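Remarks on the structure that follows.
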Amino acid sequence: MAETERACPLAEGVRFRLLGPMTARTADGAALALGPNQQRALLAVLLLRAGRPVPVPELCDALWGERPPARAVGTVRTYASRLRALFEPDRPARAPARILVFASGGYALRLSRPAVDIDEFERGLTDAARLRTAGAVRQAYRTRERALALWTGCPLAGLPGPHAEARRDRLTGLWLTAREAHFHDALELGLDRETPAVPALRAFAAEHPLREGAQELLIRALHRAGRTGEALAVYEATRETLALELGAAPGPGLTALHRTLRSRPRTAPRPLAAPRPLASACAERGAAGPFVGRDAQSDLVLGVLAGAPGAVPVAVLTGMPGIGKTALAAHVAERARGLFPDGVLRAGLDAGAAAPLGRLVRALGAPEAAVPEGTEARAALYRSLLAGRRVLLLLDGARDTAGLLPLLPGTPGCAALVTSASRGLVVPGARPVEVPELDDGAALELLGAVAGARRARQDPAGLRELAARCAGLPLALHLAGRRLRLEPGMSAAELASPGGGGPLARLRADGLAVEDGFRRRARGLSPGALRALRATATAPERFGPAEMAALLAAGEPEAAGAIEELVDSGLLAPGVSGRYRCHPLVRAFARHGLGPA
C-alpha cells in the first residue's frame, strides 16, 4: 500500500509490550492473540524495523540463523498470512494487504501509530542522559525511573532465534547500565536518606557480582549509612570474585574508594548469624510414595546441579500437574547432598516471593526480629546469608518468573532446583527439564508397590488395566493404589471402569484428587483458552491450530494463542511438527470435570 494510506481501525494505536513476554492490545484495550512464539519472533523483527521492508532471507536468518529448516520460506509465508488475518480480519480473500505488505522482496509492517515499549524505554534513557548532562539530576532520576518501570521481565521472553537473542543481550545491557545510573542519581540526591537504598542495591550487586559499578555504589551507600565495616567487606568479596572469575584486580574507581575508606575510622559489621549446617526446611508438598523410573531425568538434573566451578546452576523441572516433579526433585536433592555440604533447603512457593523468603532466611539462622518487611529487603538478606555457603535450594511450585527470581541464589557454590507446572516460566541461564509420563513398566511397578504385594500377585491383569487407565501419571497411579489399599473389596477392574466419569472421578485418597491440580491450572486460563480446554474432550488424539480453530469456530490465530496458553499451563503437551496432544486424564477432566460452559 502507499505510505499515505490509513490502516484499518483495528490496527490503529496498537500497544506492544516486548520488555517481558510479548503482548499486544488494541487502542480499546482488547488483547490480540499473536500466535506461537516463533510467529511472535517474526512479528517482533517486523515491528522493530518501524515499517521498513525486511527481505525474506533476512527474516529466515533472524528466526533460524545458519541452520534454517527445509521449508523456512514457506513457514515465513504462513506466519505472515496468519498475522495478516490478525490485523485485517475483514479483508476479502483476494484483496491486497494494507498492514503487512510484501515489498522489495520482503515484508513490511505498516501499522498506524503503534506504541512499542522498547522505543519508549530507549527514548526515556536518552532523555534522562540529556537531563543529567544539563545538571537536572532530579528530572533525570524521574525520567529514568519511568523508563525502568516499563520492564515486566526478561525482554522478548521465550522468543527464539538469533535476532531475539541479540536484542535481549543489548536491552539487558541497557537495563543494567540504567539501573546503576538510577542508583547513582538516588545517592547524589540523598534519596537513600528518605527511602533506604541499601537493600535494593545489595540485591542488585549480588545478582551482578562482576559489575564494579554496582559494587562501588553499594560500598558508597553502606558507608553513608554508617556501615563502613560492611562496605569494606563488600570490597574484599568483590576483589576475590574478580580474581577468581576474571583473573583481574579491581579497577581504579574501586581501588580509590577502598583507599579512602581505609583511611577513616570504621566499625565492624554485625553478622546476623554464623554459618551453620542446615537441615531441610519447609516440608515437601504432595503425596509421598515409592520412587520408580526417572533414571535418565535424575542423572541429567544431577549433572546440571554439579555445574562448573564458580557457577550458580539452576534446573527447572516442568510438566503437567501430578507428573511427579516434586518427587523427582526430592530424589535428586537426596542424591546431591554430597555436593552441598551446608545442606538442602526446601520451600513451597506462594503467590509472591516475600513469604517464602521469610521462611528461608529464618531457616538460614536469621532471628525473627531481624527479618525485614518487603521482598527486596528480604532478598538482600537472603543472599547475604547464603554467601560463603554451599546450599541446594529446592523451590517447589513456581507460578511465574517474577515470584521466582528473588529466591534464586546469587552465590557461586549454591544451586537451585525448581519445579513448575508452567512451561512458560522464563529463567535466564536455567536448564529446563521436561518430566514425562512413566513408561508402562515403571507405571505398573509404582501401582503395584502402592497397592501392595498381595494385589500384585492376585490380580496382575487388573492392575495392568488400571495402570493403562492412569496413562503414566504418577499421582493417578499413587491414588489408585491407595484406593485399592483402603477398599479391599474393590477390584482394580472396577476402579478402572469407564462408567460414571471414568477413573478420574474415583482417583482420590488421603484428601488428594487428580483433578484438583487440573482445576487449579484451569482457574488461571483466559476465556479463550478455557474454551479450547473444553474442546480437547472431542479433539483428535493429535491436533494443530487448524483442527482447534474448527472446534472453536474461530480463526487459526485465536486457536494458536489458546493452544500456546494451554501448553504454558501444563494442560497440553507439545508434540512434533506443530501437533499437540492431550493427556487422557486431562481429556477426561475436560469432558466431566469442568462443568457446564
Ranked from the most accessible area to the least, with a 1.4 Å probe and all protein chains present, what is the order of PHE589, PHE291? PHE291, PHE589
Only Cα pairs under 8 Å and at least 6 apart count here; give the relative contact order of the chain as a rounded whole percent. 12
Size descriptor, Kirkwood hydrodynamic radius, that averages inverse alpha-carbon separations across the range 438-493, Å: 10.5
Roughly how many nanometres apart are two label points built 7 Å out from the Cα toward the Cβ at SER81 and THR126? 3.9
Convex hull volume per residue for the range 435-568, taking Cα atoms only, in Å³: 119
For the range 346-434, what is the largest minus smallest coordinate of the Cα atoms on each principal axis, given in angstrom and ordered from greatest to least? 39, 27, 18
How much length is gained if the chain between ASP90 and ALA70 is pulled fully straight, taking 0.36 nm per residue apart and subtracting their Cα-Cα distance, in nm to one decimal? 4.0 nm
Taking every alpha carbon pair in the range 294-390 and sorting the distances into 10 angstrom bins from 0 up to the bin holding the longest one, the percent per bin comes out as 13, 40, 35, 12, 0
For a quick check of understanding: with a 1.4 angstrom probe and all protein chains in place, what accessible area in square angstrom does MET22 have, to the nearest ten? 10
Report, to the nearest whole %, how much of the accessible area of the chain belongs to carbon and sulfur atoms, 1.4 Å probe, protein only. 53
Throw me the Rg/Rh for the range 1-152, computed over C-alpha atoms with Kirkwood Rh, two decimals. 1.04
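How much accessible area per residue does the chain have, counting only protein heavy atoms and a probe of 1.4 Å, in square angstrom?
On the way: 27250 Å² over 597 residues.
I get 46 Å² per residue for the chain.
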So, R0 is 60 Å and r is the distance between the beta-carbons of GLU58 and ASP295; what FRET efficiency does that work out to, to 0.05? 0.85
For LEU446, the accessible surface traced by a 1.4 Å probe with all protein chains present amounts, in square angstrom to the nearest 10, to 10
When the chain is fully extended, how far beyond the present Cα-Cα distance does ALA30 get from LEU486, taking 0.36 nm per residue of separation? 159.1 nm
Rank by packing, highest mean first: peptides 58-66, 23-31, with packing defined as the count of other Cβ atoms within 10 Å averaged across residues. 58-66, 23-31
Round to the nearest 0.05 the FRET efficiency obtained for ALA370 and ASP439 when R0 = 56 Å and r is the Cβ-Cβ distance. 0.70
Charge-dipole axis of the chain as Lys and Arg at +1 and Asp and Glu at -1 on Cβ define it, positive-most pick from THR172, TYR382, ALA416: TYR382
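Looking at the chain only, what percent of DSSP beta bridges run antiparallel? Nearest 5 please.
Within the chain, antiparallel bridges account for around 40 percent of the total.
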Would you list ASP90, ASP516 from the most to the least accessible area, probe 1.4 Å? ASP90, ASP516
So how many Å³ per residue does the convex hull of the Cα atoms of the range 65-182 work out to? 158
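Rounded to a whole number of µm²/s, how large is the Stokes-Einstein D of the range 332-383 at 37 °C and 0.692 mPa s, given Rh as the Kirkwood radius over C-alpha pairs?
273
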What's the center-to-center distance, using Cα atoms, between the range 516-534 and the range 342-365 in Å? 29
Could you pull the Rg and Dmax for the range 102-154, using just the Cα atoms, both in Å? 15.7, 48
Accessible heavy-atom area order of HIS478, HIS184, highest first, probe of 1.4 Å: HIS184, HIS478
Kindly identify the chain as rounded, prolate or oblate by the Cα gyration tensor criterion: order the square roots of the eigenvalues as a ≥ b ≥ c, call it rounded if a/c is under 1.5, otherwise compare a/b with b/c, prolate if a/b is larger, else oblate. oblate
Gain upon complete extension [GLU465, ARG579; 0.36 nm per residue less C-alpha separation]: 38.3 nm
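The values are calculated or read from the model by the stated rules, or taken from the named source; none is laboratory data. Worth saying up front: this structure is predicted, and the values here are computed from it rather than measured. Counting neighbours? That spans all protein chains shown, and the Cβs are built from the backbone with ideal geometry, glycine included. Note: areas computed on protein heavy atoms with side chains; ligands, DNA, RNA excluded. Shrake-Rupley method; radii C 1.70, N 1.55, O 1.52, S 1.80 Å.
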